[in-house]
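S.K.: Could you have a look at this structure, given as structure tokens, before my questions?
A short reminder: the numbers here are calculations on the coordinates, not readings from a lab. Treat the numbers as computed from the prediction; the structure is a model and nothing was measured. With ideal geometry, Cβ positions are generated from the backbone for all residues, glycine too; neighbour counts draw on all protein chains shown.
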Amino acid sequence: MSFKRDGDDLNLLRSLKHRRVCELLSSHIPDDEAMLLKNGRLTCMICTHRPIFDTLSMLAIHRKGKKHVSELSKYLLHKRELDTKKLKSEQRRYLCTGLVESMGHRALSGEAQGNKLLITQVAYSSCSKQRLGLQRKPILDIENISKETEIPGVATKNNVFPSASAQVRQYLKGLWKKKPLEKTVEKCRENYGEGWAKSLNNVVDISLPDCPESILEDTATSSRPCSEEDVARKKKADHELKLKMSGWIKNADGKWVQDPDVEFDSDEHEPPKSSD
Amino acid sequence: MHLYNLTLQRATGITHAVHGNFSGSKMQEILVSRGKSLELLRPDPNTGKVHTLLTVEVFGIVRSLMAFRLTGGTKDYIVVGSDSGRIVILEYISTKNIFEKVHQETFGKSGCRRIVPGQYLAIDPKGRAVMIGAIEKQKLVYILNRDAEARLTISSPLEAHKSNTLVYHTVGVDAGFENPMFACLEIDYEEADTDPTGEAAHKTQQTLTFYELDLGLNHVVRKYSEPLEEHANFLVSVPGGNDGPSGVLICSENYLTYKNLGDQHDIRCPIPRRRNDLDDPERGMIFVCSATHKTKSMFFFLAQTEQGDIFKITLETDEDMVTEIKLKYFDTVPVASAMCVMKTGFLFVASEFGNHYLYQIAHLGDDDDEPEFSSAMPLEEGDTFFFAPRPLRNLVLVDELDSLSPILACQVADLANEDTPQLYMLCGRGPRSSVRVLRHGLEVSEMAVSELPGNPNAVWTVKRRVDEEYDAYIIVSFVNATLVLSIGETVEEVTDSGFLGTTPTLSCSALGEDALVQVYPDGIRHIRADKRVNEWKTPGKKTIVKCAVNQRQVVIALTGGELVYFEMDPTGQLNEYTERKEMPSEAVCMALANVPAGEQRSRFLAVGLADNTVRIISLDPLDCLSPLSMQALPAAAESLCIVEMGAGETGGEGEPGTTGSLYLNIGLQNGVLLRTVLDQVTGDLADTRTRYLGSRPVKLFRIRMQGSEAVLAMSSRSWLSYYYQNRFHLTPLSYESLEYASGFSSEQCPEGVVAISTNTLRILALEKLGAVFNQVSFPVDYTPRKFVIHQESAHLIITETEHNAYTEDTKKQRRIQMAEEMQEAAGEEEQELAREMAEAFLNEDLPESVFSAPKAGPGMWASVIRVLDPVEGRTEQLIKLDQNEAALSIALVKFANQADNQQFVVVGVAKELQLNPRQVGGGFLYTYKVNADCTHLELVHKTPVDEVPSAIAPFQGRILVGVGRMLRLYDMGRKKLLRKCENKHIPNLIVNIQAMGRRIFVSDVQESLYMVRYKRQENQLIIFADDTHPRWITIATVLDFDTVATADKFGNIAVIRLTGNVTDDVDEDPTGNKALWDRGLLNGAAQKAGIVANFHVGEICMSLQRATLIPGGSESLVYTTLSGTVGVLVPFTSHEDQDFFQHLEMHMRSENPPLCGRDHLSFRSYYYPVKNVLDGDLCEQFNSIDIAKQKSIADDLDRTPSEVSKKLEDIRTRYAF
């Protein structure tokens, strides 16, 4: 079977050039509000019905539409609710366990999911005294988060929420700071086929331990000789992980207590000591 | 990923069996349906062995099967009711050995539907009409007739529908040559359906309805309907017309009733029960299958109860009015799904589970002391007769057909260290269960082994006369002598045979009508029938190095590569051809084909030379000893053999079958066997197939197998190359390695092999041709459910669990209790007698595998845990669990917090489990310590759980247990297993857990797979992805980190994969920190697995495993099914292959539509559209279709038919056998 080509190469070139110019000139679309699909098309991540677009310019046109704007306001509303909920839950967890979720890790995982609407930075907090064997100190600081990250919706301090349109406006103002989608698209196009290699690498991944050991991995993989301190820290982290896996949790005072949902041997009142 | 489905062994369970003269000869055959294939079997009346004539995959579900014969005809046709929405009439063509579709009439949608006919078939005993019925409402009647050329015709359908009616069974009533009549067991649910109080549902009675086909009006009427007192389950038609009283026997719970139209009263007889049965006496007894035997003078029925007892039923008549039903206990055989009584006096029993049997009916049970029960004997309502079951008296077992069905679990492993892996299977149900070890290879039965004085080099057998049936002499050649043994009642040495005994022999053969020839290094000895001997001596210092001999020709190669040709003239004289032929180098092997029937000579000589070539030399008088063709070889040839293979079966009445073609088999010194087609006209060599057989040079021997030629190839292992059912088979023999062999035929062993192995002479028989596996079977007590392999000691640990059963202890208690009751019930005078009876009852030992186990009632369970050595078949330990404990899952674990290498077995046990409605009284996890050589399990502790522990898997030094719908992580504790973590989000019941790295794949009983990740830091199990289809998973296996293969209870296999952008690094969501819009639909996981492949197997797969089946082969996905199929899905390695087979499959679909009328594509897409799987079973049918069609398909593929079949063979041998 053969296809008859209509038009000549010049024609094709011209149309490609035209499209490229259109793409360059298209308005700024943040990376997390649209997604490049596997088949090369684009979808809007704000609209719940996930419309599909062939080109960036089509997407740009969509983004200016009434439908999109109304979806955006709904989206922001949801997001705010969830952010609040999340903060509350984090707070609750902090109160009962004294643990602060490792935010660096969270941010990383968020990025992997393409869900970067949440926290992108980790700030210092003086109220957290625990070190989870992390180089960065995880914290819980509501104000900092809401100030430092460009999340206009989260206004936990005052109970008066801005109106929906105001929110949208505020949100749109902050848009230009985000990573533009074009770059991602370009990168994808350049690195076509790289995903394969990545998925193959996954297999190697299995043997790697869970994320908190990422530091351990760092020490292990980096060429610099590990100091005694590193070894001790590694041991400690190991021990803590072991305790957590067998159902011990740290309470507010930093003491190990038994998780009520987990079973223990009847004579096991104290957490086992580290081997050294 | 593209997969190719190959069946290694077809289903072995039988769903339907009918018998008849399908080939049109005097012989009766049995046609069996194995679910989705039809197989024609023929019991050999002389040997009693059952041979398979033909097996055809129909790519549809056979729901009913009937044989019929037109009035006055001699040949039976086959009617098939299937899920195709079509009625199909088949005829067996014995000359071509195929089933031919005579008629195919469409009447409804495809699929097994409630109101589309296909479930029931009834034939008018005179062969004038067939009724095909659905479960509900619809019944169609087709009139069968013949046209002017005596071809079968079929009418358009006549409807006999009645809505709101469910049908239980239909049967054709024998009304002689009156209008055809059909009897149906029906129930009219209309009233019950509309009555909201539910009273009507209780009152609704089953009816027996007669439908009459009025041949004059061409119309079906519902003639008569009568409500039945008991609920019946099936009908038996009673011979009518001149042969009997007509009417039907109604088999219902506890009673057997005779009914007929007209003035006939109902005759009713209770079904006798076993005396002192452990079964619940309140439980009703039903007949489950029956067989009718009819001769000109008499008829009787054999009906089997659900306990396996067969009763012979006869009817007493008075002027065509039945007065009495008589029942007599006949024998007890395993419960059958169908029975056939053959004219030759055989009873074929197609067992419901396990092996099938062929019995010889030795006595009809007419004149023995067995009591006969009669409907005329007065009995209270509810009372019944009693009989005592006993071992076989009237039947004699003559053959057993292996059946794996049902296979409940299978693992491929090499535990016996044989370098070819074995398949370890749990088969069967109840007391007939077994653990079977399957090995690739043909089963060899050793008929005799005798030691010889020294190590022989070669062995031959010869007949004294060409027309004799059996061989007369075995000639054994040693280094410096030849021994001649004569075959008679015994095998003994003779000296008067005329053979020269003081020299080694190169070859010997019968020559002409009644002469013999012996070739030895210094000459040729021609022994005439009157013991005159002609000798031909080698010239000068030359000796004979190689020779080839057949019935009329002798060719020898002298040292230096000179060929001398002798041929027998009409006077019986062996004459040397005037010229000799000098070959370019030394001859290393030679072969002659057999002389074709009716010809003077074989026209070709094959010579293997030392220069790594094989040459074909003409022996035609026109161009005698001139070379015809040559083939270069990769290594020096060791042995040659020309055989004629591929010939069709010769018909029963001597009509010639299709002729085969000549094949030159070349055994090389490097252990490779080549098979090349030798053109019968030009002598050209073409289409070479290669197969590596073993490490030693390949020696080839021509033998006869089932009437056609076959090649025995011997390397480090012995192989048999034969043509069977339109396919070449090259199968290893499951026997020790042999050195030399020859065909052997004697009265005791008509088709055997005589072979030498070191210093012994062995007579072997190969009976189960066509079988891919030979099996060793070890019986077990209860239905084996799951097993694990202890790799270090190669032991199996098996859980056996039986529902509706008593444990041994409970049985013993019940027996004692019953014995006591017996004694108590007896009067004063009978005390002595009662005690004796009680004693006899306690000592009674009837094997449950034949007499079936007592049924204890629903919710009663018996279980054992068995440690088995599968090589020796020795049970090392048997742990009996308490009554009502059901062992459902097992895993072999090493706990991280225990000593290194200490293994534990964890068994999940449910207590008081009721299946419907599902209720459970809790469960336990039994933890056993395994000793180093796995001979003893020591109970460590018992962990109570609140639900059914239905799946267990080791995971990172701990265990994951599916407790009902909860997924839990347990660690080893001191007094019990300690629950460390739990996930409650699996919807129904966890049936399987697989783990790879940090990922866990959990199968739900009806909601497919859930991908779970264990987060160590948070000590949480989090579902991060799931499947998009609701699969009812039976088994799942991990293929790689992202890919899982699953099988479901509707007979599908699917491969699902997590796509590249799925991450398992997600957070759990109890607090709502996951985005709302990120949550999947209907509470599913946010990320979904994609489908890589979908395929409908058609049978329920119970095991899936990634395994290598042949040493050095590639991995494939091996599956086994409940019906006993062993199959593989093999991945395509190149796009060209995939493309080729895709096209072949496409052509086969259009050129060779399935036999029962189901569309192949829609069958393979029964539940999910078939995706990325090509059906090798269909592609391989290429070899059995018409040559012209083969040619046209091959042309479309730009290849020759032989190239296509070579490709088919290649892909099979690359992965499996």
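S.K.: Mind pulling the angle between the C-alpha long axis of helix B:1187-1196 and the longest principal axis of chain B? Nearest 10 degrees, somewhere in 0 to 90.
M.R.: Value to nearest ten degrees: 80.
S.K.: A further question follows. Residues with amide H under 5 Å of B:Gly441's amide H, sequence separation 5 or more or different chain, H placed in the peptide plane at 1.01 Å from N; which?
M.R.: Excluding prolines and chain starts, which carry no amide H, the hits are B:Phe773, B:Asn774.
S.K.: Let me ask you something else. Just tell me how shielded B:1013-1020 is by partners: mean number of partner chain Cβ atoms within 10 Å of each residue's Cβ, no decimals.
M.R.: Average per residue, whole number: 6.
S.K.: For the stretch B:739-787 and the stretch B:1-23, write down the distance between their C-alpha centroids in whole Å.
M.R.: 23 Å
S.K.: Using a ≥ b ≥ c from the Cα gyration tensor of the stretch B:1132-1215 (square roots of the eigenvalues), is it rounded, prolate or oblate, where a/c under 1.5 gives rounded and otherwise the larger of a/b and b/c decides, a/b for prolate?
M.R.: Verdict is oblate for the stretch B:1132-1215.
S.K.: Using the charge dipole of the protein assembly as shown (Lys, Arg: +1 at Cβ; Asp, Glu: -1 at Cβ; taken about the Cα centre), state which of B:Phe924, A:Ser227, B:Phe330 has its Cα farthest towards the positive end.
M.R.: Of the options given, the answer is A:Ser227.
S.K.: Let me ask another. To the nearest whole number, what is the average tally of beta carbon atoms from other chains within 10 Å of the beta carbons of peptide A:260-269?
M.R.: So the per-residue partner count for this stretch is 4.
S.K.: I've got another one for you. What is the helix-to-structure angle for B:808-825, meaning the angle in degrees between its Cα long axis and the longest Cα principal axis of chain B, kept from 0 to 90 and rounded to the nearest 10?
M.R.: 60 degrees
S.K.: Figure the gain on full extension for B:His231 and B:Val396 (residue separation times 0.36 nm, minus the Cα-Cα span) and round it to one decimal in nm.
M.R.: My answer for the length gained is 55.9 nm.
S.K.: Mind checking the angle between helix B:1201-1215 and chain B's longest principal axis? C-alpha axes, 0 to 90 degrees, to the nearest 10.
M.R.: Around 60 degrees separate the two axes.
S.K.: While we're looking at this one, here's another question. Evaluate peptide B:1054-1064: per residue, the Cβ atoms of other protein chains within 10 Å of its Cβ; return the mean as an integer.
M.R.: That works out to 3 on average.
S.K.: Relative contact order for the stretch B:1008-1047 using alpha-carbon pairs under 8 Å, separation at least 6, rounded to a whole percent?
M.R.: Values: 50 pairs, mean separation 12.9, N = 40.
Rounded, it is 32 percent for the stretch B:1008-1047.
S.K.: PRE reach from B:Thr384 (point 7 Å along Cα→Cβ): which of the stretch B:147-186 fall under 14 Å by backbone N?
M.R.: Those under the cut-off are none; the list is empty.
S.K.: Here is a follow-up. Among A:242-253, B:782-793, how do they line up by average Cβ neighbours within 10 Å per residue, starting with the highest?
M.R.: With the highest mean Cβ count within 10 Å placed first, the list reads B:782-793, A:242-253.
S.K.: Treating only the Cβ atoms of Lys and Arg (+1) and Asp and Glu (-1) as charged, compute the dipole magnitude of the stretch B:1132-1215 about its Cα centre; round to the nearest 20 debye. It would help to have the intermediate numbers written out before the result.
M.R.: Details: 11 positive and 16 negative charges, 50 e Å.
For this selection, approximately 240 debye.
S.K.: What's the exposure ranking of B:Asp1159, B:Asp1198, going from fewest to most Cβ atoms within 10 Å?
M.R.: Ranked by crowding around the Cβ, least crowded first: B:Asp1198, B:Asp1159.
S.K.: At a 10 Å Cβ-Cβ cut-off, how would you order B:Thr613, B:Thr461, B:Thr502, fewest neighbours first?
M.R.: The most exposed by this proxy come first: B:Thr502, B:Thr613, B:Thr461.
S.K.: Across the stretch A:42-54, in residue order, what do the Karplus-derived ³J(HN,Hα) couplings come to in whole Hz, using 6.51 cos²θ - 1.76 cosθ + 1.60 with θ = phi - 60° and x for Gly and Pro?
M.R.: 10, 9, 8, 8, 7, 6, 5, 8, 6, x, 10, 10, 7
S.K.: Beta carbons within 10 angstrom, averaged per residue: use that to sort the peptides B:759-768, B:390-399, highest first.
M.R.: B:759-768, B:390-399
S.K.: From the Cα gyration tensor of the stretch B:552-615, with a ≥ b ≥ c the square roots of its eigenvalues, which class applies: rounded if a/c is under 1.5, or else prolate if a/b is larger than b/c, or else oblate?
M.R.: Oblate, because a/c is 1.5 or more while a/b does not exceed b/c.
S.K.: Which FRET efficiency, nearest 0.05, do B:Lys894 and B:Glu451 yield, Cβ-Cβ r, R0 56 Å?
M.R.: The calculated FRET efficiency here is 0.65.
S.K.: I want to verify the translational diffusion coefficient of the protein assembly as shown in µm²/s; compute it with Stokes-Einstein, Rh as the Kirkwood radius over Cα pairs, at 20 °C and 1.002 mPa s.
M.R.: Values: Rh = 38.2 Å.
Diffusion coefficient, whole number: 56 µm²/s.
S.K.: Can you compute the radius of gyration and Dmax for the stretch B:910-1013, using only the Cα atoms, both in Å?
M.R.: Over the stretch B:910-1013's Cα set, Rg and Dmax evaluate to 14.2, 42 Å.
S.K.: Okay, moving on. Just for the Cα atoms in the stretch B:1014-1056, what are the lengths along the principal axes, largest first, rounded to whole Å?
M.R.: Principal extents (Cα only, largest first): 40, 20, 16 Å.
S.K.: Right, another one. Do the sum for chain B: with -39,500 (n - 2.57) for every DSSP H run of n ≥ 4, divided by all residues, what is the mean residue ellipticity at 222 nm, to the nearest 500 deg cm²/dmol? All intermediate terms of the calculation are to be shown ahead of the outcome.
M.R.: Working: 10 runs with 97 residues, N = 1217.
Counting only the DSSP helices, I get -2500 deg cm²/dmol.
S.K.: Select from B:Val1173, B:Ile143, B:Ala481 the residue farthest towards the positive end of the dipole of the protein assembly as shown; place +1 on Cβ of Lys and Arg, -1 on Cβ of Asp and Glu, and compute about the Cα centre.
M.R.: So the residue furthest toward the plus end is B:Val1173.
S.K.: Further, regarding this structure: In nm², what is the average projected area of the convex hull enclosing the Cα atoms of the stretch B:62-227?
M.R.: 10.7 nm²
S.K.: Tell me, what HN-Hα J-couplings in whole Hz come from the Karplus equation 6.51 cos²θ - 1.76 cosθ + 1.60 at θ = phi - 60° for each residue of the stretch B:281-297, using x for Gly and Pro?
M.R.: Once θ is set to phi - 60°, the couplings for the stretch B:281-297 become x, 6, 6, x, 10, 10, 7, 10, 7, 8, 9, 10, 10, 9, 10, 5, 9 Hz.
S.K.: Here's something else I'd like to know. Highest mean first, how do B:336-349, A:58-71 rank when packing is the count of other Cβ atoms within 10 Å averaged over residues?
M.R.: Details: B:336-349: 21.7, A:58-71: 15.4.
Per-residue Cβ counts within 10 Å, averaged per peptide and sorted highest first, yield B:336-349, A:58-71.
S.K.: Once you place label points 7 Å from the Cα toward the Cβ at B:Thr95 and B:Asp1040, how far apart are they in nm?
M.R.: Placing both labels 7 Å beyond Cα along the Cβ direction yields 5.5 nm.
S.K.: Bins of 10 Å, beginning at zero and ending with the bin holding the largest distance: percent of Cα pairs per bin for chain B, please.
M.R.: 2, 8, 15, 19, 19, 17, 12, 6, 2, 1, 0, 0
S.K.: Can you tell which of B:Gln104, B:Val519, B:Val672 lies farthest toward the positive end of the dipole of the protein assembly as shown, using +1 and -1 charges on the Cβ of basic and acidic side chains (Lys, Arg; Asp, Glu)?
M.R.: Positive-most Cα among the choices belongs to B:Val672.
S.K.: Moving to a separate point now. Counting alpha carbon pairs within less than 8 Å and at least 6 residues apart, what relative contact order, in whole percent, applies to the stretch B:1132-1215?
M.R.: 29 percent
S.K.: At 0.36 nm per residue, and after removing the present C-alpha to C-alpha distance, how many nm does the segment from B:Lys223 to B:Gln902 gain when stretched out fully?
M.R.: Gain on stretching B:Lys223 to B:Gln902: 237.0 nm.
S.K.: While we're here: Residue by residue through the stretch B:750-763, what is 3J(HN,Hα) from phi via Karplus (6.51 cos²θ - 1.76 cosθ + 1.60, θ = phi - 60°)? Round to whole Hz and write x for glycine and proline.
M.R.: For the stretch B:750-763, the Karplus curve yields x, 9, x, 9, 9, 9, 10, 9, 6, 10, 10, 10, 10, 10 Hz.
S.K.: Hey, another quick one. Using Cα positions and a limit of under 19 Å, work out the lysines in reach of B:Lys326, with same-chain residues fewer than 8 apart set aside.
M.R.: Partners within reach: B:Lys259, B:Lys294, B:Lys312.
S.K.: A follow-up question, please. About the Cα centre of the protein assembly as shown, what is the dipole size in debye to 20, counting +1 per Lys and Arg Cβ and -1 per Asp and Glu Cβ, all else neutral?
M.R.: 8120 debye
S.K.: Right, something else. In terms of modelled amide H atoms, which long-range or inter-chain residues lie less than 5 Å from the amide H of B:Gly241?
M.R.: Those qualifying (amide H under 5 Å, at least 5 residues apart or on another chain) are B:Gly176, B:Ser246.
S.K.: Going by how many other Cβ atoms sit within 10 Å of their own, how do B:Ser718, B:Ser695 line up, fewest first?
M.R.: Lowest count first: B:Ser695, B:Ser718.
S.K.: Just the Cα atoms of the stretch B:781-899: what Rg and Dmax do they give in Å?
M.R.: Rg and Dmax of the stretch B:781-899, Cα atoms, are 19.6, 70 Å.
S.K.: Something else about it: Based on Cβ point charges of +1 for Lys and Arg and -1 for Asp and Glu, what charge dipole magnitude is obtained for chain B about its Cα centre, in debye rounded to the nearest 20?
M.R.: Charge dipole, chain B, about its Cα centre: 3920 debye, nearest 20.
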